[in-house]
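The values are calculated or read from the model by the stated rules, or taken from the named source; none is laboratory data. All values derive from a computational prediction rather than experimental measurement. Cβ placement follows ideal geometry from the backbone for every residue including glycine, while neighbour counts extend to all protein chains displayed.
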Amino acid sequence: MSRVNRAELFEGASYLEVYTVYKSAVMASRACDGCDTNVSIAGGIANIWSQESRPTEGIVLELGDDTEHFLCYDCIDRLPDDREVTAADVAAL
């Protein structure tokens with residue numbers, strides 16, 4: 001994924017428009033540790049003005065080696081289920 005120059009993206013936009021987009025993109029999502037895709041997370045006040053309701057698309061898992069990783073549901077489905085999952089399995093995703 002290429003980085004977007006935010007200054008160009010929001011040129012001519014009002015502060016409220018920029019703030020609303022920023023809060024929706026950053027505060028209501030989190031990158032999956034497995035595939036690095038931004039997915040929706042619940043909680044917070046990111047959608048307080050729009051009243052938009054988006055389901056959570058991932059969870060934090062504590063793995064067998066005592067590490068914690070935020071994973072989207074697609075990556076969770078790809079984890080091995082025949083043994084204890086470790087950070088090496090997340091890195092292999």
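Could you please tell me which pairs satisfy a Cβ distance under 6 Å, a separation of 6+ or placement on different chains, a first residue in the range 74-91 that is free of Cβ contacts under 8 Å to residues at least 40 places away in the same chain, and a second residue that is surrounded by 10 or more Cβ atoms within 10 Å (Cβ to Cβ) and of a type in the set (Phe, Trp, Tyr)?
none
Arg54 - would you say it is assigned to a loop (DSSP other than H, G, I, E, B) and modelled with pLDDT of 65 or more?
Values: assigned to a loop (DSSP other than H, G, I, E, B): yes; modelled with pLDDT of 65 or more: yes.
So Arg54 passes the test.
Of all residues in the range 74-93, which are under 17 Å from the mean Cα position of the chain (by Cα), surrounded by 13 or more Cβ atoms within 10 Å (Cβ to Cβ) and not in a loop (DSSP other than H, G, I, E, B)? Steps first, please.
First, the residues of the range 74-93 that are under 17 Å from the mean Cα position of the chain (by Cα): 74-77, 90-91, 93.
Still in the list and also surrounded by 13 or more Cβ atoms within 10 Å (Cβ to Cβ): 74-76, 90, 93.
Those that are under 17 Å from the mean Cα position of the chain (by Cα), surrounded by 13 or more Cβ atoms within 10 Å (Cβ to Cβ) and not in a loop (DSSP other than H, G, I, E, B): Asp74, Cys75, Ile76, Val90.
Under 9 Å by Cβ, and 6 or more places apart or on different chains, what pairs join a residue from the range 59-73 that is among the small types (Gly, Ala, Ser) with one that is not in a strand (DSSP E or B)?
The qualifying pairs are Gly64/Arg83; Gly64/Glu84; Gly64/Val85; Gly64/Thr86.
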